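Peer 1: After the structure tokens below, expect a handful of questions from me.
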Amino acid sequence: MGIEGICSNLYFKAYGRMFKGEMTFSGRTRRPPKDPVNVILSLAYTFLTKEVCQVLDSESFETYLGFVHGIRYGRKSLALDIVEEFRQPAIDRLVLLLFNKGMIGSYDFDFPEDGSVILNEDGFQKFCREYERWMTGRNSLAGDRNFRGSLRKQAGLLKKAMTQGQEYTPYCFRKEYQGRAVWPAGTDTPEQDDAAGDETRDE
């Protein structure tokens with residue numbers, strides 16, 4: 001009925017307003033991505049999907065049979081089901097951080113005359129380092145499990161739901177960490193960013 005598409009457009013419209021640096025984002029584009037933000041989003045989603053596939057394989061799931069995503073030849077629908085739970089907390093937040101903090105910029109991309117956008121070698125290496133640090137780092141102030149550990153936890157919960165009839169509870173970042181602000185060590189919190197913005201505006 002188009003409801004998912006409408007919600008996605010509204011979400012990414014709001015998401016685009018959160019970018020503060022040189023990069024702008026007006027909406028999701030794929031195959032091929034038409035701007036640097038979409039390039040990194042697509043790459044990060046791909047990395048996450050591969051990780052989810054590995055975790056589900058380790059629990060002996062048939063990844064081509066999903067609940068939310070229908071069966072389609074060559075598509076690992078069950079992996080995509082789990083990916084949906086982690087898109088915003090794990091990936092969208094990471095991409096926003098990378099661009100707003102200047103960790104990835106226009107110099108990390110090539111812009112051929114055909115209008116495509118390509119992440120260059122240096123940019124790819126930067127992304128891989130930051131992705132690994134993000135997925136394995138602490139994601140709460142109390143030192144709770146990282147995102148990679150959370151992926152394993154969800155796979156375990158799904159297995160118990162299938163084999164023992166237990167209720168499956170989707171991953172919820174705000175619930176798991178009780179709404180506490182989480183930001184990687186060495187960077188400003190969103191509150192600090194807002195305060196700095198206020199000072200700039202006053203000047």
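Read the figures in this text as sums done on the coordinates, not as results from a lab. Quantities reported herein were computed from a predicted structural model and do not represent experimental measurements. Every residue, glycine as well, gets a Cβ built from its backbone with ideal geometry; the counts of neighbours run over all protein chains shown.
Peer 1: Mind listing the phi-derived Karplus ³J(HN,Hα) values for segment 89-96, rounded to whole Hz, using 6.51, -1.76 and 1.60 with θ = phi - 60°, and x for any glycine or proline?
Peer 2: With coefficients 6.51, -1.76 and 1.60, one gets x, 8, 9, 4, 5, 4, 4, 4 Hz.
Peer 1: For segment 1-57, which chymotrypsin sites (Phe, Trp or Tyr not before Pro) are both in a DSSP coil and crowded by at most 16 other Cβ atoms within 10 Å?
Peer 2: Loop-located and lightly packed - PHE19.
Peer 1: How much net charge surrounds SER26 when only other residues with a Cβ under 11 Å from its Cβ are counted (Lys, Arg +1; Asp, Glu -1)?
Peer 2: +3
Peer 1: Can you give the local net charge around ILE40? Use residues other than it whose beta-carbon is closer than 11 angstrom to its beta-carbon, Lys and Arg +1, Asp and Glu -1.
Peer 2: That works out to -3.
Peer 1: Give me the tail of P(r) for segment 36-109 as a percent: Cα-Cα pairs with distance above 15 Å.
Peer 2: Of the Cα pairs, 58 percent sit more than 15 Å apart.
Peer 1: Still on this structure: Just order 128-136, 149-157, 112-120 by mean Cβ neighbour count inside 10 Å, highest at the front, would you?
Peer 2: Highest mean packing first, the order is 149-157, 128-136, 112-120.
Peer 1: Do any of LYS126/LYS153; LYS13/LYS50; LYS13/LYS76; LYS50/LYS126; LYS101/LYS153 go past 23 Å between their Cα atoms, and which?
Peer 2: In this structure, LYS126/LYS153; LYS13/LYS50; LYS13/LYS76; LYS101/LYS153 exceed 23 Å between Cα atoms.
Peer 1: Hey, what do the phi angles of segment 99-116 turn into as Karplus ³J(HN,Hα) couplings, whole Hz, using 6.51/-1.76/1.60 and θ = phi - 60°, x for Gly and Pro?
Peer 2: Computed from phi, the couplings for segment 99-116 are 7, 5, 8, x, 6, 9, x, 4, 5, 8, 10, 10, 10, x, 5, 7, x, 7 Hz.
Peer 1: Related question: I need the phi-derived Karplus couplings for segment 26-38: 6.51 cos²θ - 1.76 cosθ + 1.60, θ = phi - 60°, integer Hz, Gly and Pro marked x.
Peer 2: 3J(HN,Hα) across segment 26-38, in whole Hz: 10, x, 7, 10, 9, 6, x, x, 9, 8, x, 4, 5.
Peer 1: Calculate the length of the line joining the C-alpha centroid of segment 94-119 to that of segment 1-53, in whole Å.
Peer 2: For segment 94-119 versus segment 1-53, the Cα centre distance is 13 Å.
Peer 1: Let me ask something else. For LEU119, what residues show an amide H to amide H distance below 5 Å, using hydrogens built from the backbone and excluding near sequence neighbours?
Peer 2: Distant-sequence amide H within range of LEU119: ASP110.
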